[in-house]
1. Please report the base-10 log of the normalised intensity I(q)/I(0) for the range 337-450, using a Debye sum with one equal scatterer per alpha carbon and no solvent, at each q in 0.09, 0.12 (1/Å).
2. Heads up, I need the accessible area for residue 206: 1.4 angstrom probe, whole protein in place, Å², nearest 10.
3. Taking the alpha-carbon set of the range 520-650, what are its Rg and Dmax in Å?
4. Between the alpha-carbon centers of the range 511-567 and the range 365-428, tell me the distance in whole angstrom.
5. Restricting to Cα atoms and excluding each atom paired with itself, what does the Kirkwood estimate give for the range 97-231 in Å?
6. Which far-off residues, 5 or more places away or on another chain, put their amide H under 5 Å from the one on residue 31, with H placed in the peptide plane?
7. Given the Cα-Cα distance of residue 502 and residue 50 and 0.36 nm per residue of separation, how much length would full extension add, in nm?
8. Applying the Karplus parametrisation 6.51 cos²θ - 1.76 cosθ + 1.60 with θ = phi - 60° to the phi angles of the range 391-401, what ³J(HN,Hα) value in whole Hz is obtained for each residue in order, glycine and proline being reported as x?
Amino acid sequence: MYVEVSIPIALFKSFTYKVPKKYQNKIFLGQSVTIPFKNKKINGFIIEIKNNSDYDGKLLNVISVNENSFQINPELWKTLIWISKYYICPLGQTLGNTISYQHKNKFKIPSEKYVQLTNHGLKNIKKINYPIQKKILQLLYKSPNYKANLSLFKKELPSYHQACKTLESKRLISIKKINKIDSLMSKKIQYKSLILKKYQSLVLKDIQSDLNNDNKKPILLSGIPGSGKTMIYIKIIEDFLKKNLNILILVPEVSQIFHVYNSLANYVKEDIGLWHSKLSTSEKNYVLSGIKSNTIRIVVGTRSSLFTPFSNLGLIIVDEEQELNYKQDLSSPYYNARDVALMRSKFSKCSILLVSSAPSLETYHNIKLKKYYNHSLSRKYFENQETNIRLIDMSSQKGFLSDVLIHKIEETITNKQQIILLHNKRGYDKGGIQKVESILYKFFPSIKILRYDGDTIVGSKAYYSILNNFEQGNADILLGTSIISKGLDFSNVSLVAMINADFGLSSPDFRSGERIFQNIYQLVGRAGRRDAKSTAIIQTNNVDDEYIKNACKNNLEENYTQILRDRKDLDYPPYTRLIKILFLSKNDMNAEKQSSSFIKNFKSNLNIQVLGPVKIKNNVDEILNRYQILIKCKKHYWQKFHDLITENLKNSNTDLKKQKIKIDVDPISFF
């Protein structure tokens, strides 16, 4: 027996190995194996199992197989193969960056032992005469709920281990090992009953009808911020749990896990797993172990949670589906998690619910084409919510803060209410968020500010602790980047403001207007989350800009109609497809030559339009020269063109790592 093994290198090829007899009944697709490769032992993934091999040379044996690897469901395996093909990424790299958990030999989780007095033990305390045993029972009797950590006896008694074993054998005490996980997942929650309002119940009923329809299509749950979309999808989750099906919930930012997890944990008694890149090894092991034992049936996470090895997947929810952070931009494959979620739902035949206050243009376009169902909420949950939106012209103002904003901050603090300030730029320059913070302290020296940005969020706990501190009222102002405009819900916030709404407006990026509209539209929704009046202040030097005006007036339909019209005129998605190819080299001439050579085969093709190559200006810390090609392709020609690029790379056996070519299918930006 033979296996094809794919390893995480930038080559479009796999390697054949013989399978020793002792492993032949233990292997499966996607399993981690240890193999000899270039005089080293490395881990790879089985991608094919076969009885014969065409290879004429000497074949080496698989060294070992990881029997702890998950049996990857066919639907997930099809999804991973699709990612590799669609995003033009070697399969080894795709698997290495999506299901690396397959290499884990065991799921080690820190734990503590707890001892509890049983009912039988309560009745028989006085009958025990052995001093150490009697002391243990007395200590437990004095403990809350007759329960204590085993370490308590270590301090009080010698030889407590044997005494505990004897008491357990007599059913006087019970000893349980409890996982010690210091994260949101260990947080104690007081369960509540979830009651929907009439308008929510009507929408829920319509969605449930679509979910039971044989004509399965993606469903969009849209509606104004604060309309109670999360409450509706919690009810839908309850339906799927009753059917014994598992649920995957995607969020675009680690920060949003805090809100979604807390909302879910209040109403759902099932264990909920979290998944994102900042989790500790122990936390990841806890979730993987729970999935394997089927004790965790809901996972909330960012992009990478899409590849959790759930069996019996019933529902995928993509919250804030419009967010650009769903696009992986740091390592290959450069996938869009929303689009991959749509494919996984197709392969698994599970339901998929997209959720957004301001849907992406792609989703809006698919609604218009009737490819998706759409259900919208037009009322706020707290009906007395009233938000006064003020558009402030900064062209005649000095500094970051307008007179109107300064006055409103002072008034809000006096009323002991809270403020969210969004600054669209991160860094240490004059436009940086630190500068804004220092200016605020000059005006209001006694206030407490919590910053929420890439510089202050260090470690996984900071993502939650900063937001929790603000929710508990331990700060007057939450100052952050665009991540604070989405999905957060703080009852005491009555003022939100965008300090520089113009940021990115002049960018030569076809999505800049869509981005600005969504940021403003959603930030405004962070105010007025309860029965109170609130204010949203948008500062700009371009008060006549259509995107900014539409967002301030809540003109979503008008804005999207205009953007789609512009995209069609300029041949941009969703009317065409894009591929962005970046050539990187320390030698400027090599990068330019390589990019120019690459496009020779495509320039005469009438079905595509090649823009470039153009040199991209480097950031200060970058040493590689970058030349970029942007290729627009007519939709009817997409598959043929996609196959053409893929075959060219495979036939040339291009080592993408060595030649430093970055291929980005469906890029979200030009740069």
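The values are calculated or read from the model by the stated rules, or taken from the named source; none is laboratory data. If you're wondering where the values come from, they're calculated on a predicted model, not measured in any experiment. Every residue, glycine among them, receives a Cβ derived from its backbone with ideal geometry; neighbour counts consider all protein chains shown. Only protein heavy atoms, including side chains, enter the accessible area calculation; ligands, DNA and RNA are left aside. Shrake-Rupley method; radii C 1.70, N 1.55, O 1.52, S 1.80 Å.
1. Values, matching the q order: -0.49, -0.76.
2. 80 Å²
3. Cα only, the range 520-650: 21.3, 63 Å (Rg, Dmax).
4. The range 511-567 and the range 365-428 have Cα centres spaced 9 Å from each other.
5. One decimal place: 20.2 Å for the Kirkwood radius.
6. Long-range HN contacts for residue 31: 46.
7. Values: separation 452, 0.36 × 452 = 162.72 nm, distance 5.86 nm.
Going from the current span to full extension adds 156.9 nm.
8. 9, 9, 7, 8, 5, 10, 9, 9, x, 7, 10
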